[in-house]
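**Student:** Just dropping this structure here.
Read the figures in this text as sums done on the coordinates, not as results from a lab. Since this is a predicted model, take the numbers as computed values, not measurements. Here the Cβ positions follow ideal geometry from the backbone for every residue, glycine too, while neighbour counts run over all protein chains shown.
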Amino acid sequence: MKEAVLVANEIAIGWSRDAVLLEHASFEVFAGEIFGILGRSASGKSTLLRVLIGLEAPLAGHLRINSQASVGDESCPPFGVMFQQGALFGSMTVGENVALALRRWTTLPDDAIRAMARAKLRLVGLEDVEDQMPATLSGGMRKRAAIARALALEPSLIFLDEPSSGLDPVTSAEIDRLIETLARVLGLTVVLVTHELGSIKAIVDRCILLDRDTKTILASGSPHELASSPEPRVRDFLERRPEAE
């Protein structure tokens with residue numbers, strides 16, 4: 001039986017109880033899988049991610065990581081996060097960005113922190129940009145640097161918000177391949193928010209599709225299972241078909 005790394009039980013999310021985006025949502029993320037959170041714009045994907053990582057509280061329901069602690073508790077195991085567009089601090093070098101969590105949450109000496117930051121940059125193919133500022137990097141390089149920062153504390157679970165959006169098709173495919181390689185080599189569990197169909201079909205093992213109209217999880221399963229769903233809206237999403245007038 002697969003181990004559930006993250007469990008969401010009957011959660012509701014939104015800006016208030018009068019502005020709910022998703023309700024009665026339950027799902028599990030299993031160890032070692034790349035789990036996708038899919039949906040159209042304004043379906044609540046990024047809001048759900050903010051709830052999963054503890055930046056917002058759910059309006060109802062419960063979330064647990066590794067069956068040990070509620071998200072946000074001090075005993076909750078560490079996890080990594082990559083925000084949309086990377087969200088690197090522009091006043092810090094790339095190396096300083098990656099080292100930030102190590103300086104905040106460990107007592108390692110400076111030499112060890114710099115060595116660990118370099119190692120994480122090497123993992124994502126950016127070993128030569130440690131001393132550069134984020135503004136000098138391309139969009140794909142900033143995404144890679146943000147992934148390196150998410151790996152700084154060597155978590156077993158990472159959350160990625162639209163890691164390949166806004167990139168050209170080749171760079172997007174390279175980011176997908178990097179995520180898949182890191183997941184397999186490091187044994188990571190990855191929760192991935194995306195609407196990129198190429199990423200969904202290329203690397204996602206299992207996913208949920210959020211629906212903004214019904215405020216529910218419209219479908220769950222592998223991308224292949226969703227593609228053969230009897231629900232027309234699910235197939236429309238995966239086949240890029242506009243809704244009927």
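**Student:** Explain nothing, just compute: Karplus ³J(HN,Hα) = 6.51 cos²θ - 1.76 cosθ + 1.60, θ = phi - 60°, for every residue of the stretch 156-171 in order, whole Hz, x for Gly and Pro.
**Tutor:** So the J values, rounded to whole Hz, are 9, 10, 10, 10, 10, 9, 6, x, 10, 6, x, 10, 5, x, 5, 5.
**Student:** Residue by residue, what Karplus-based ³J(HN,Hα) values in Hz, rounded to whole numbers, does the stretch 215-220 have, using 6.51, -1.76 and 1.60 with θ = phi - 60° and x for Gly and Pro?
**Tutor:** Karplus-based 3J(HN,Hα) across the stretch 215-220 equals 6, 9, 7, 6, 7, 8 Hz.
**Student:** State which entries of K45/K143; K2/K143; K2/K201; K143/K215 exceed 26 angstrom in Cα-Cα distance in the structure shown.
**Tutor:** Details: K45/K143 19 Å; K2/K143 30 Å; K2/K201 22 Å; K143/K215 30 Å.
In this structure, K2/K143; K143/K215 exceed 26 Å between Cα atoms.
**Student:** Still on this structure: Would you grab the residues whose amide H sits under 5 Å from the one on N66? Only those 5+ places off in sequence or on another chain, please, with H modelled 1.01 Å from N.
**Tutor:** Correct list: L6, V7.
**Student:** If you don't mind, there's one more thing I want to ask. Taking 0.36 nm per intervening residue step and subtracting the Cα-Cα distance, what contour gain separates L197 from Q84 on full extension?
**Tutor:** On the way: separation 113, 0.36 × 113 = 40.68 nm, distance 1.71 nm.
Between L197 and Q84, full extension yields an extra 39.0 nm.
**Student:** Continuing with the same structure: Within the chain, what percent of beta bridges assigned by DSSP are antiparallel, to the nearest 5?
**Tutor:** Working: 21 of 38 bridges.
Rounded to the nearest five, the antiparallel share is 55 percent.
**Student:** With axes computed from alpha carbons, what is the tilt in degrees of helix 139-150 against the longest principal axis of the chain, rounded to the nearest 10 within 0 to 90?
**Tutor:** Approximately 80 degrees, to the nearest ten.
**Student:** Tell me which aspartates and glutamates have Cα within less than 18 Å of K120's Cα, excluding those fewer than 8 residues away on the same chain?
**Tutor:** Leaving aside aspartates and glutamates fewer than 8 places away in the same chain, those within reach of K120 are E96, D110, D111, D128, E130, D131, E154, E174, D176, E180.
**Student:** Could you identify which residue out of L151, L186, L123 has the top mean-square fluctuation in a GNM of the chain using Cα springs shorter than 10 Å?
**Tutor:** Comparing L151, L186, L123 in a Gaussian network model of the chain, the most mobile one is L186.
**Student:** Counting other Cβ atoms within 10 Å, which trypsin sites (Lys or Arg not before Pro) in the stretch 173-245 have at most 13 and lie in a DSSP loop? If you can, show how the numbers build up before the last one.
**Tutor:** On the way: sites: R177, R184, K201, R206, R212, K215, R233, R235, R240; in loops: R212, K215, R240.
Within the stretch 173-245, the qualifying trypsin sites (Lys or Arg not before Pro) (loop, at most 13 other Cβ atoms within 10 Å) are R240.
**Student:** What is the set of long-range amide H partners of I34 at a cut-off below 5 Å, with H atoms built 1.01 Å from backbone N?
**Tutor:** It is V190, D205, R206, by chain and number.
**Student:** For a Förster distance of 22 Å, can you work out the FRET efficiency between the beta-carbons of R177 and V7, rounded to the nearest 0.05?
**Tutor:** Working: r = 29 Å, r/R0 = 1.33.
For R0 = 22 Å, the calculated efficiency reads 0.15.
**Student:** Same structure again: Compute the Cα gyration tensor for the stretch 25-66, then decide on rounded, prolate or oblate, letting a ≥ b ≥ c be the square roots of its eigenvalues: rounded whenever a/c is under 1.5, prolate when a/b is larger than b/c in the other cases, and oblate in all that remain.
**Tutor:** Values: a/c = 1.85, a/b = 1.11, b/c = 1.67.
Oblate, because a/c is 1.5 or more while a/b does not exceed b/c.
**Student:** May I ask for the distance between the Cα centers of the stretch 183-231 and the stretch 24-70, given as a whole number of Å?
**Tutor:** One Cα centre to the other: 13 Å.
**Student:** Same structure again: Enumerate the calculated ³J(HN,Hα) couplings along the stretch 233-240 in order (Karplus 6.51 cos²θ - 1.76 cosθ + 1.60, θ = phi - 60°), each rounded to whole Hz, writing x wherever the residue is Gly or Pro.
**Tutor:** Running phi through 6.51 cos²θ - 1.76 cosθ + 1.60 with θ = phi - 60° gives 5, 5, 5, 4, 5, 6, 10, 6 Hz.
**Student:** Sticking with this one: Loop-only check: which GluC sites (Glu not before Pro) in the stretch 87-181 are DSSP coil with at most 15 other Cβ within 10 angstrom? Present the calculation step by step, with values, prior to reporting the outcome.
**Tutor:** On the way: sites: E96, E127, E130, E174, E180; in loops: E127, E130.
Those that pass, being in a loop and sparsely packed, are E127.
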